[in-house]
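The next block holds one structure in the form of structure tokens; read it before the comments.
Just so you know, all these numbers are worked out from the coordinates, no wet-lab data involved. This structure is a prediction, so every number in the text was calculated from the model and none was measured. Here the Cβ positions follow ideal geometry from the backbone for every residue, glycine too, while neighbour counts run over all protein chains shown.
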Amino acid sequence: MVDKVDKIWLDGKLIPWEQANVHVLTHTLHYGLGVFEGIRCYKLKDGRSAIFRLEEHIRRLFDSAHICMLPMPHSQEELVEACLQTVRANGLDECYLRPIAFMGAGEMGLGAKNPTHTAIIAWRWGAYLGEEGLRQGIRAKVSSFQRAGVNTLMSKGKINGHYVNSILAKREVQMIGYDEAIMLDTQGYVSEASGENIFVVRDGEVATPPMGVSILGGITRDSVIRVMEDLGIPVHERLISRDELYIADEVFMVGTAAEVTPVRELDDRSIGIGSRGPITEKVQSAYFDAVRGVKVPDESWLAIV
Ligand code: PMP
């Protein structure tokens, strides 16, 4: 259960949590055309709080809307400010932020063009794949559900309806005891996990699937590539086969919610040493240093609350 906070930002105003409701004819509820983001705000080492890569997340929200041709009633600058206001209004030092833009009620049918509503919700959210997962690694399984082809669903958009694919994959593997699902693309190459991008390490080479395949352009993926460059560990963006994961020294998943989570087992094969590997540990600690302002590659990544 999400821990209730005081206020939710809806269409330009901060309103009480209980009043942030929608009509059952909300178009997005029926057909899934809407866009959203997931962002984290962290407490910095100096006691202040900062939303991590806020501008990039809001930019992606607008990219997603552009892909769907969903008109956005507010500017990027307004939504950046609205996210900051939502965190301040709820007195949160750390939280997860969920901006969402959706088509409201009015006409029904696929041709409808009802006005867009925008909301920003903030709540406290701990480690998405568990604290133990962060330290010891998780057990993953390749799902029988593929990531949709590059010309089926638009993978560069964080679009509500797309998540049915991710949920099918996640439920399938969770029901048989695994923590997270990895999906292959329609060609059979490694795509991403249900809500994370994937990195693989072997003999010191670090690789991740390229932007041109069916993956979301993860902001954590981008942060981690930059953090690794700064550590002198180059990352190759290239196609990766399923069995490359099996024989890897290390596999880890990255995402705003999951942060940097090691994979210790995949399809019942232990990966590398069977727990968090040394490169994963380095990247994890450099990532946490970045989000907490201990050592951030670019000061503009921290939007101070
Ligand atoms: N892939 C998918 C399918 C996702 O839902 C997410 C989470 N937004 C990611 C990757 C990671 O993206 P980010 O690092 O921007 O959170």
GluC sites (Glu not before Pro) restricted to the range 107-136 and DSSP loop, no more than 14 other C-beta within 10 Å: E107
What are the residues whose amide H is under 5 Å from the amide H of E192, where those residues sit 5 or more places off or on another chain and H is modelled from the backbone? M183
Please give the helix 54-68 orientation as an angle from the longest Cα principal axis of the chain, in degrees from 0 to 90, rounded to the nearest 10. 80
Hey, can you grab everything whose amide H is under 5 Å from the amide H of E250? Only 5+ residues off in sequence or another chain; H modelled, so Pro and N-termini drop out. V201
Using θ = phi - 60° and the Karplus curve 6.51 cos²θ - 1.76 cosθ + 1.60, what whole-Hz ³J(HN,Hα) does each residue of the range 33-39 get, with Gly and Pro shown as x? 7, x, 9, 8, 9, x, 9
Per GNM of the chain with C-alpha springs under 10 angstrom, the most fluctuating residue out of V87, V164, V35 is V164
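222 nm [θ] for the chain, helices only, -39500 (n - 2.57) per DSSP H run of 4+, per residue, to 500?
Values: 8 runs with 83 residues, N = 305.
Rounded to the nearest 500, it is -8000 deg cm²/dmol.
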Just rank K158, K295, K170, K43, fewest to most, by other beta-carbon atoms within 10 angstrom. K295, K43, K170, K158
Degrees, to the nearest 10: 219-230 long Cα axis against longest axis of the chain: 40
Using alpha carbons only, how many degrees (0 to 90, rounded to 10) separate the axis of helix 278-291 from the longest principal axis of the chain? 30
Relative contact order of the range 131-291: what whole-number percent is it, with Cα pairs under 8 angstrom and at least 6 residues apart? 26
Spatial separation of Cα centroids for the range 56-86 and the range 195-236, in angstrom: 25
Apply the Karplus parameterisation 6.51 cos²θ - 1.76 cosθ + 1.60, with θ equal to phi minus 60°, to every residue of the range 18-26 and state each ³J(HN,Hα) to the nearest whole Hz, in sequence, with x for glycine and proline. 5, 8, 8, 10, 10, 7, 5, 8, 3
